[in-house]
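Before any comments, here is the structure.
The values are calculated or read from the model by the stated rules, or taken from the named source; none is laboratory data. All values reported here derive from a predicted model rather than from experimental measurement. Cβ placement follows ideal geometry from the backbone for every residue including glycine, while neighbour counts extend to all protein chains displayed. Accessible surface is based on the protein model in full, side chains and every heavy atom, while ligands, DNA and RNA are left aside. Shrake-Rupley method; radii C 1.70, N 1.55, O 1.52, S 1.80 Å.
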Amino acid sequence: MAIEKRTWAEPFKIKVVEPVRMSSQAERQQAIRDAGYNTFLLRSEDVYIDLLTDSGTSAMSDRQWAALMMGDEAYAGSRSFYRLESAVQTFYGYKYVVPTHQGRGAENLLSKSLIKPGDIVPGNMYFTTTRLHQELAGGTFVDVIIPEAHDPVNTHPFKGDVDLVRLEQVIKTYGRERIPYISIAATVNMAGGQPISLANIKAVGELAHQYGIRVILDAARVVENAYFIQEREPGYQDCTIAAIVKELCSYTDGCTMSAKKDPLVNIGGFLAVNDRAVYEDAANLAVIYEGLHTYGGMAGRDMEALATGIEESLHEDHIRARVGQVLYLGQKLIDAGVPIVKPVGGHGVFLDARAFLPHVPQEQYPAQALAAALYLDSGVRSMERGIVSAGRNKESGEENKPRLELVRLAIPRRVYTQAHMDVVAESVESVFSERESICGLRMTYEPKYLRFFQARFEPLAG
Ligand code: F0G
């Protein structure tokens with residue numbers, strides 16, 4: 001009988017290791033209480049396997065560490081900036097680049113440059129920091145993602161697609177003058193890491209440009225998106241990941257980038273655009289909020305590591321193993337009957353807290369409670385992506401109640417092994433088998449902006 005061979009393995013071997021420690025149940029009890037049942041407020045020392053985020057948590061390669069030594073720390077006109085600019089032009093195809101300290105720095109520059117009070121920004125599901133910058137600039141985000149995206153069990157292959165009919169309705173209702181750009185994310189984070197198809201983003205571009213409206217891509221996870229296109233979209237099986245990324249970007253007029261995700265660095269980002277006037281505006285704002293336009297918020301060495309990371313992120317074997325590891329964990333949980341968002345996303349596995357804890361109403365923050373319970377079980381850190389993350393309506397002050405009430409197990413790139421994934425799956429399964437014992441939470445402290453980062457809670461019982 002022929003032996004079935006695996007389709008991926010890590011395309012690297014490990015040169016440096018960082019010890020991690022499993023804590024005791026009593027230590028974790030104390031730690032989560034001290035953290036107000038918010039995993040963002042835990043100390044990383046108290047965490048065993050850290051799946052809080054895939055942002056800034058990647059392992060850099062030996063080539064990236066070597067690149068750090070080549071950083072040119074000149075205040076102005078750094079050689080490292082020109083290397084980064086050239087990588088962005090080569091691999092994403094945009095003309096002008098402003099480095100920023102991270103993704104939200106780029107969102108701030110973009111929103112301040114393009115949005116005026118009363119404007120509308122349609123997009124394929126909100127992201128926390130992106131929407132807040134749009135709102136702070138006086139805009140209102142309008143969700144135009146396909147309805148399938150809000151359904152955790154719908155297995156549509158491109159749940160990041162835009163509902164084109166709805167988008168055109170929004171344009172007609174508000175008028176093109178009130179729509180500065182359309183905000184399109186690749187592998188939509190809040191939908192569970194779900195991709196947009198090339199056919200759809202192309203159609204979005206055509207529709208928007210017909211009305212004279214720009215399309216701005218959130219490119220943080222564009223490579224993972226390209227992988228799903230290569231896997232799922234007819235006609236793209238023989239295209240390289242690099243070619244798909246470039247084509248995807250070509251339907252848009254610019255991007256904001258959190259380089260802490262797909263581009264494999266621990267800090268950094270940029271705004272890239274094709275329009276000279278938008279660039280000039282953003283470059284000018286950069287000197288107020290970030291730094292000179294040739295370094296933005298980044299050290300020269302960080303720009304070097306990023307230029308190298310952009311190139312590495314497009315390697316076929318890298319992205320296959322990266323998403324392969326996420327799918328491995330997802331499949332284990334599906335096999336165990338644990339309710340998760342399907343299809344499995346690109347950067348993490350998302351537990352469906354509504355189905356996991358049907359006895360905890362959304363007002364009692366089930367996903368927040370589940371993330372705390374998982375930490376208590378094994379020291380695995382995850383993050384709430386539900387009602388707490390969704391915040392409040394900017395006009396009424398009411399809590400937004402998203403249909404998706406999720407716990408995200410985000411997998412850092414090139415960091416954990418398959419054995420770690422097994423530990424995570426075992427812990428989720430064990431919490432699932434004792435789910436009736438998990439109770440809801442009450443919020444005891446709510447910060448004004450992006451409350452999920454710093455809010456505190458206490459259990460309603462026990
Ligand atoms: N856009 C998306 C889709 C993101 O996921 C993030 C960050 C940002 C923009 C903002 O970038 O953090 O560099 O300022 N997401 C992190 C996460 C926080 O854990 O998903 P940033």
Take region 54-87 and flag every residue that is among the hydrophobic types (A, V, I, L, M, F, W, C), open to solvent by less than 40 Å² (accessible area, probe 1.4 Å), away from the ligand (no atom under 16 Å from the Cβ) and assigned to a helix (DSSP H, G or I). A67, L68, F81, A87
Search result, residues across region 41-53 that are away from the ligand (no atom under 16 Å from the Cβ) and among the acidic types (D, E): E45, D46
Selection within region 409-456 - of a type in the set (A, V, I, L, M, F, W, C) and either within 16 Å of the ligand (Cβ to nearest atom) or not assigned by TED's automatic domain parsing to the domain that holds P366 (or both): L409, A410, I411, V415, L450, F452, F453, A455
If the requirement is being among the β-branched types (V, I, T), surrounded by fewer than 18 Cβ atoms within 10 Å (Cβ to Cβ) and in the same structural domain as V165 (by TED's automatic domain parsing), which of these qualifies: T130, T100, T90? T90
Selected residue [farther than 17 Å from M257 by Cα, open to solvent by 10 Å² or more (accessible area, probe 1.4 Å) and outside the structural domain of L327 (by TED's automatic domain parsing)] from Q230, Q194: Q230
Quick one: how many residues across region 32-50 are part of a loop (DSSP other than H, G, I, E, B) and surrounded by 13 or more Cβ atoms within 10 Å (Cβ to Cβ)? 7
Across (1) at pLDDT 95 or above; (2) of a type outside the set (D, E, K, R); (3) in a loop (DSSP other than H, G, I, E, B), Q29 clears everything bar (3)
Going by the conditions given, is G291 surrounded by fewer than 22 Cβ atoms within 10 Å (Cβ to Cβ) and touching a Ser or Thr at 6+ places or on another chain (Cβ under 7 Å)? no
Go through region 105-119 and count every residue that is in contact (Cβ under 8 Å) with a residue 40 or more places away in the chain, within 28 Å of K159 (Cα to Cα) and buried (at least 20 other Cβ atoms within 10 Å of the Cβ). 7
Over 30 Å from G56 (Cα atoms) and open to solvent by 10 Å² or more (accessible area, probe 1.4 Å): which single residue out of P147, P157 fits that description? P147
Which members of region 369-406 meet the condition of being farther than 12 Å from M190 by Cα, part of a strand (DSSP E or B) and in contact with a Leu (Cβ under 8 Å, 6 or more places away or on another chain)? V380, R381
Is there a residue being more than 16 Å from the ligand (Cβ to nearest atom), more than 19 Å from F350 (Cα to Cα) and hydroxyl-bearing (S, T, Y) anywhere in region 146-159? no
Exactly one condition in (1) away from the ligand (no atom under 16 Å from the Cβ); (2) not in a helix (DSSP H, G or I) is false for S113; which is it? (2)
Got a sec? Which helices (runs of 4 or more DSSP H) wholly within region 205-293 have at least 1 residues that are among the acidic types (D, E) and under 19 Å from the mean Cα position of the chain (by Cα)? 222-232
